[in-house]
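The values are calculated or read from the model by the stated rules, or taken from the named source; none is laboratory data. Given the structure is predicted, the values throughout are model-derived calculations rather than measurements. A quick note on method: Cβ atoms are made from the backbone with ideal geometry, for glycine too, and the neighbour counts reach across all protein chains shown. Quick note on the areas: whole protein, heavy atoms, side chains included, nothing else; ligands and nucleic acids left out. Shrake-Rupley method; radii C 1.70, N 1.55, O 1.52, S 1.80 Å.
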Amino acid sequence: MKAHLHHFDITREESMLLPVEFHRKTRLQHVDKAFKAEITRIVPLTDMERLYQLRILDPGERERFTFFPGQFVMVDVPGFGEVPISISSSPSSKGLVELCIRKAGLVTGVLHKAGQGARVGLRGPFGTFFPMEQMKGKNVLLIAGGLGIAPLRAPLYSIIENRPDYNTVHLLYGARDQSQMLFGYQYEQWRRVGDVKLHLIVETPDPCWTGEVGRITALLEKIRIDPDETYAIVCGPPVMFKFVCNRLSELGLPMHRMFVSLERRMHCGMGKCCRCNIGSTYTCLDGPVFDYWTVMNLKEAI
Amino acid sequence: MLFRVITKEAFRKFVNTLLSEIEIIAPRKVATDYTGRSIYHYLPVDRFEDVALDYDTTRFSAKTYFTPFKENLASYSFQNGDWTQSIRYRGVTRLILGLHACDINALLKLDKVMARGPFPSPHYIARRKNTLIIGIDHDPCAGGFCRSLGTDTVTHGFDLFLTDLGDRYFVAIDSDRGFSMLQEVENTEVTEDDRVEYSAVRRRIAKGFTTHVETHNLPNILDIEFESPVWAKWGAKCLSCGTCAMVCPTCYCYGVSQEFSMDFASARKNKQLYSCNLYDFARVAGDHNFRARTSTRLKYRYYHQHRGFVETYNEPMCVGCNRCGNACLAGISPPEVIADLHMEEKA
Ligand SMILES: Cc1cc2nc3c(=O)[nH]c(=O)nc-3n(C[C@H](O)[C@H](O)[C@H](O)COP(=O)(O)OP(=O)(O)OC[C@H]3O[C@@H](n4cnc5c(N)ncnc54)[C@H](O)[C@@H]3O)c2cc1C
Ligand code: SF4
Ligand code: SF4
Ligand code: FES
């Protein structure tokens, strides 16, 4: 009778023999496969945050690894665990991925001990992204609070590299104090080369700070916003983007043209483990990038 | 679909032949509880006599054979400061005998999440495709409300499905492997008498339900009553133990963790079934918890079962087996919670 029970060997399925590509979402493939990547450089930013440059080792995998600004990867530290981290680099730099990681617990703590040359796994990219195409020809407001600058760098690079496609670009960045301002060494370049109007604000100034003081929303009052011609990308903690988006809404910007990135606990990145679920929405599949109208409609979102 | 009739004696032979060839999982009586009620579990069987085809319900669902409580997703071996990842899928052929309609419907729902849509899970598919399913009709179990959710009958998702006609089974055949296997034992064409008897049995079963859950407009009511005191009331009873999700045939959420071997030469990435009722389900670094209160977690489980899943798949996730209600030490059961919500809506 057993003869009728043909054994199904999943490893011999045609699509399982093809290289893994996480962009092909409905394809049956080895979804637990991690691309091996080497830490090629570590840039300390603050006591808690570091920028990691990673290079995918396999040339084929490196070639196939493409992403859109706003997407994230699952960083696999074998033996310790996997954590979701937004990609913080330019989508055009093939196979070179930059991640800005805050030491927050077990896995990120181990990463902070890792040195140059260490090898981690990457799965992804996962999730939705900022609609860079749709924003072409318009003004763009990039607004970041704290570590929110990390996911914001990907759309920022994308804009700078295609600068003529976009109209006026403002970058508003707020941090607790000056020591918490990340990527200070790049501001001049963003300003002068990128033609990005940069506005900084801190909540508690130290004696040498000469810039603006207050909440990030205060910066919105300093610039002229044309609600009909503007898109906004807002990254930061929920309280921050809530205040910012509500203020933008008052200024006439439609909620479906404001984009935020949500953070939830994630254990798979693939709409399976349910840990990132908000009612019926998987943050890993339907997000992390959402327009603000959608966020308003999610129960428990903020 | 094709239908056949097989005598119980021929069916016993059929199972015995298979027993010598593959692993068979079936309901087995393991104990009697303090009320005198038999306790059944889906367990491996060695003899046909161990199979309790007349069981009412099992305390645990059969999901563990498709999405195990603990499953290895990948392994790593370490050499010379580097690591190598390896992934293995389990594909042992086995038969699950005696699944009820609700549990087969539950598998169909799991299929939607695990086998289709974005990122099909090879681990799940390997197990599902190598598992043969023979289901069986039964008289309603106490407290079961599958009829309210339309999961008391099943039209696909199995190989063979039996309805007891006394001395023989009326068999629905839903796969070619089921058909070919059935050909190996004596079976007959369905006669007019068989058909009449089958219909009578189905009518008897349909009339036997005593628990009813009002599902009309439930997805909307859950949204409207999001801040309802009903949740505080039931939340105050809930122990956040997660038992409900463990016994549920459709709850699929999990956690992933890694562990080193004792000699640090290798590591494993494991998946372990979880529950949204557990405290740290939605806790993130910095000790921020999106659902820190028991009541919000309990609410979330109902919200996902009866609204969230509907939004995505146009059907609720719950199949009405009431295993969660039976298992809950705090006496929380879907029929009562949902009835309360409807009361609230009317008030
Ligand atoms: C889409 C997305 C993008 C992110 N981007 C960045 C980034 O660019 N830089 C950065 O520093 N951090 C980012 N985070 C947060 C980062 O994932 C957490 O800080 C990290 O998971 C903490 O893991 P841990 O093991 O160090 O902490 P622990 O507290 O020890 O966490 C244990 C486990 O809980 C889970 N977990 C804890 N916190 C979070 C969290 N906030 N989100 C998801 N899972 C969590 C993880 O599975 C982790 O393994 C992002 C989170 C999400 C969801
Ligand atoms: S509802 Fe019952 S079974 Fe579920 S977590 Fe609460 S106390 Fe435990
Ligand atoms: S009754 Fe309870 S255990 Fe059964 S499917 Fe519904 S939620 Fe799950
Ligand atoms: S991270 Fe697992 S479902 Fe979203």
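Numerical summary
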quantity	calculated
Segment A:94-122 residues that are closer than 19 Å to B:A267 by Cβ and part of a strand (DSSP E or B), paired with ones that are within 16 Å of ligand 4 (Cβ to nearest atom) and hydrophobic (A, V, I, L, M, F, W, C) (beta carbon under 7 Å, 6 or more apart)	A:V120/A:V75; A:G121/A:A34; A:L122/A:A34; A:L122/A:V73; A:L122/A:V75
Of all residues making up segment B:118-129, the number that are more than 7 Å from every other protein chain (Cβ to nearest Cβ) and either in contact with a His (Cβ under 7 Å, 6 or more places away or on another chain) or under 16 Å from B:C253 (Cβ atoms) (or both)	2
Residue count for segment B:223-233, restricted to those that are touching a residue at least 12 places away in the same chain (Cβ under 8 Å), within 15 Å of A:E300 (Cα to Cα) and either out of contact with any Phe, Trp or Tyr (no Cβ under 9 Å at 6 or more places or on another chain) or among the polar types (S, T, N, Q) (or both)	2
Qualifying residue in segment B:289-300 (condition: small (G, A, S) and within 12 Å of ligand 3 (Cβ to nearest atom))	no
Every residue from segment A:72-91 that is part of a loop (DSSP other than H, G, I, E, B) and within 28 Å of A:M135 (Cα to Cα)	A:I87, A:S88, A:S89, A:S90, A:P91
Odd one out for A:T217, checked against (1) in contact (Cβ under 8 Å) with a residue 40 or more places away in the chain; (2) surrounded by fewer than 23 Cβ atoms within 10 Å (Cβ to Cβ); (3) away from ligand 4 (no atom under 14 Å from the Cβ); (4) within 22 Å of A:R153 (Cα to Cα)	(1)
Residue within segment A:213-226 that is in contact with a Ser or Thr (Cβ under 8 Å, 6 or more places away or on another chain), over 21 Å from A:S93 (Cα atoms) and of a type in the set (K, R) present	no
Identity of the residue in segment B:234-277, free of Cβ contacts under 8 Å to residues at least 40 places away in the same chain, within 16 Å of ligand 4 (Cβ to nearest atom) and open to solvent by 50 Å² or more (accessible area, probe 1.4 Å), that ends up nearest to A:N277 (Cα to Cα)	B:Y274
Qualifying residue in segment B:239-262 (condition: within 14 Å of ligand 3 (Cβ to nearest atom), within 11 Å of chain A (Cβ to nearest Cβ), of a type in the set (A, V, I, L, M) and in contact with a Ser or Thr (Cβ under 8 Å, 6 or more places away or on another chain))	yes
Long-range neighbours under 9 Å by Cβ, at least six apart or interchain, first residue within 9 Å of another protein chain (Cβ to nearest Cβ) and open to solvent by 10 Å² or more (accessible area, probe 1.4 Å) within segment A:74-85, second in a loop (DSSP other than H, G, I, E, B) and near ligand 1 (Cβ under 6 Å from one of its atoms)	A:E82/A:M266; A:E82/A:H267; A:V83/A:A104; A:V83/A:G105; A:V83/A:M266
Hits in segment B:259-316 (condition: closer than 23 Å to B:C241 by Cβ and of a type in the set (K, R))	B:K271, B:R283, B:R291, B:R293, B:R297, B:K299, B:R301
Subset tally (residues that are assigned to a loop (DSSP other than H, G, I, E, B), within 14 Å of chain B (Cβ to nearest Cβ), open to solvent by 10 Å² or more (accessible area, probe 1.4 Å) and touching a residue at least 40 places away in the same chain (Cβ under 8 Å)) for segment A:33-71	3
Selection count where residues are of a type in the set (F, W, Y) and either at pLDDT below 90 or part of a helix (DSSP H, G or I) (or both), scope segment B:259-289	0
Complete set of residues in segment A:255-283 that are open to solvent by less than 20 Å² (accessible area, probe 1.4 Å), closer than 23 Å to A:L141 by Cα and not in a strand (DSSP E or B)	A:L262
Near pairs, Cβ below 6 angstrom, 6+ apart or cross-chain, from segment B:189-210 (open to solvent by less than 90 Å² (accessible area, probe 1.4 Å)) to any residue that is among the basic types (K, R)	B:F209/B:R147
Residue pairs meeting the criteria (Cβ under 6 Å; at least 6 apart or on separate chains; first without any contact (Cβ under 8 Å) to a residue 24 or more places away in the chain, in segment B:27-49; second assigned to a strand (DSSP E or B) and surrounded by fewer than 11 Cβ atoms within 10 Å (Cβ to Cβ))	B:S38/B:T32; B:I39/B:A31
Residue check for B:T215: touching an Asp or Glu at 6+ places or on another chain (Cβ under 9 Å) and either open to solvent by 30 Å² or more (accessible area, probe 1.4 Å) or within 16 Å of ligand 2 (Cβ to nearest atom) (or both)	no
Count of segment B:1-37 residues which are buried (at least 17 other Cβ atoms within 10 Å of the Cβ), away from chain A (no Cβ under 13 Å) and of a type in the set (V, I, T)	3
